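The values are calculated or read from the model by the stated rules, or taken from the named source; none is laboratory data. The model shown is predicted, which means the values in this text are computed figures rather than measured ones. Positions of Cβ are generated from backbone atoms using ideal geometry, with glycine treated the same way; all protein chains shown enter the neighbour counts. In case anyone asks, the SASA skips ligands and DNA or RNA and just uses the protein heavy atoms, side chains included. Shrake-Rupley method; radii C 1.70, N 1.55, O 1.52, S 1.80 Å.
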Amino acid sequence: MDSKELVLVIDFGGQYNQLVARRVRECNVYCEITSYRTPLDKIKEMAPKGIILTGGPNSCYEQGAPSCSKELFNLGIPVLGLCYGAQLMHLVLGGEVKRADHREYGHTDIEIDNTTALMADVPKNTTCWMSHNDYISRMAEGFVSIAHTDNCPVAAAQNEAAGLYSIQFHPEVLHTPEGTKMLYNFVRNICGCKGDWRMDSFVEESIRAIREKVGNGRVLCALSGGVDSSVAAVLLSKAVGKQLTCVFVDHGLLRKNEGDEVEAVFGPNGPYDLNFIRVNAADRYYEKLKGVEEPERKRKIIGEEFIRVFEEEAKKIGTVDFLVQGTIYPDVVESGLGGESAVIKSHHNVGGLPDHVLELGIPKNLVFRQPFPGPGLGIRIIGEVTAEKVRIVQDADAIFREEVGKATGDWIPDQYFAALTNMRSVGVMGDERTYDYAVVLRGVKTIDFMTADAAQIPWEVLQTTMSRIINEVRGVNRVLFDITSKPPGTIEME
Ligand code: XMP
């Protein structure tokens, strides 16, 4: 182990955990996320300079809720509890947590004591992002409240002598404008981290570590062109060059031109030193999906076929020593944990882009693409998938993305796309009756992708998009706009 300063984020299943880690790294402090089930001895061994307990979906006073030992607070290491972590800290140390009469949610005015180390340089009156049902009804002994809102007497608290701090709201989200400062105060001033850690040195270190591990072995990587697998591929190619083979399965359900874009970056004419195999499997997929309408069945077929195609390619390559999967941090945190806790769906768009993506210099058009689900257009075509329908939705979606891409404004959706309904209706074009498909435009504003509202896309953008789709995409005579929130709708159609 080297001696870099570590802040440990202990994960209680909250939605913003990766954001917490990211904010810490932005303070130039190295940070790792670990499960709340990590044994205390292991935590001691890691010797963090500070510990942050995250939010979580449970009520900490309920039987079986994720917890931590009292000893964690006696290690002489500063601890900051956020939301659930704040409540848990007080409960474990003898305070009391209760269900509130009114859930506090959203932007909330807050008054803070800025003479404290945690709140130094924060204006006395500011706003914060609240999201809680329970509240700290009695603080643990030794704590004093250092912030309050109209409904929440203990919005932040400290036991300075013990190095313990709690924040009921979410300093990690941008909706808490002063939140980054609070986290900075904690890791840099209270924990005393020097702030000499840099992302680029982390990338260098990772490359060195991969090189050491792989030696002369051959590596196979499934590449989708998405952020996760692209990062894995680039890191590996920098580490072991041509010992790496990337297999890119074009399942015929990608967005318009996407297959070629991925090939342009990772193929023989791209900047990276690796073996690239593109498998054009569209026909195979369309054949398997013929006549299949049920969404879950479609998802299964698309997933299974991927594994089959990938295996066939792996066999052709022969001996493979390492199989690489680009994955997301929640998978890392959740893997290796016992099975009793409900798997919490953490969405990978939540934390924004991992910082190393930018350090690696992966082309922006790949990195800043709209999020795209694994089953691709297969779940944006309601009902049976055919080559013709894929063409329609690809073209309509490309137009919609182009039109939104030209615009600016607060309304710009966090995710937007065109989908194809299974509905055909009568229309008239050029004096002729038509009987064609309806394309639906979907755009949502969301923070965590677990709930979402329809984005208020300006009329002109919708209108231009509509008229371009009708004029440029054969087979469409109607364009609809989906105003459904989530819930009850999901973001994707299937
Ligand atoms: P839903 O439709 O569940 O989508 O509201 C929430 C977010 O998840 C994405 N999504 C997926 N991503 N594989 C993925 O990699 C999938 O099977 C999948 N299904 C949904 C969706 O695009 C949205 O961002």
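A few notes on this one:
- Residue among ILE317, TYR286, VAL390 farthest towards the positive dipole end of the chain, charges placed on Cβ: ILE317
- Taken as entire DSSP H runs, the helices of the chain never both span 27 Å or more between Cα atoms along their own long axis and average 1.6 or more on the Kyte-Doolittle scale.
- Other-chain or far-sequence residues with amide H under 5 Å of SER137's (modelled H): GLU96, VAL97, LYS98
- The slack in the chain from ILE412 to ASP482, taken as 0.36 nm per residue of separation less the alpha-carbon distance, amounts to 23.7 nm.
- Note on LEU174/GLU62: beta-carbon distance plugged into 1/(1 + (r/R0)^6) with R0 of 22 Å gives a FRET efficiency of 0.10.
- Inter-probe distance in nm under a simple model that places probes 7 Å from Cα toward Cβ, at TRP459 and GLU205: 5.6 nm
- From phi via Karplus (6.51, -1.76, 1.60), per-residue ³J(HN,Hα) for region 189-195 in Hz, x at Gly/Pro: 8, 6, 6, x, 5, 6, x
- FRET efficiency, 1/(1 + (r/R0)^6) with R0 30 Å, evaluated for ASN365 and GLU311 via beta carbons: 0.50
- Summed side-chain charge close to GLN456 - residues other than GLN456 whose Cβ falls under 12 Å, Lys, Arg +1, Asp, Glu -1: -1
- Net charge over other residues, Cβ less than 15 angstrom from the Cβ of GLY192 (K, R count +1; D, E count -1): +1
- In this label model, ILE277 and GLU141 are separated by 6.7 nm, measuring between points 7 Å along each Cα→Cβ vector.
- A simple count of charges around THR126, restricted to other residues whose Cβ falls under 13 Å of its Cβ and scoring Lys, Arg +1 and Asp, Glu -1, yields -3.
- Per residue, in Å², the accessible surface of the chain once ligands and nucleic acids are set aside, probe 1.4 Å: 47 Å²
- Over 23 Å (Cα to Cα) - which of LYS242/LYS315; LYS49/LYS213; LYS300/LYS389 fall in this group: LYS49/LYS213
- Cα centroid separation - region 128-174 against region 188-227, whole Å: 35 Å
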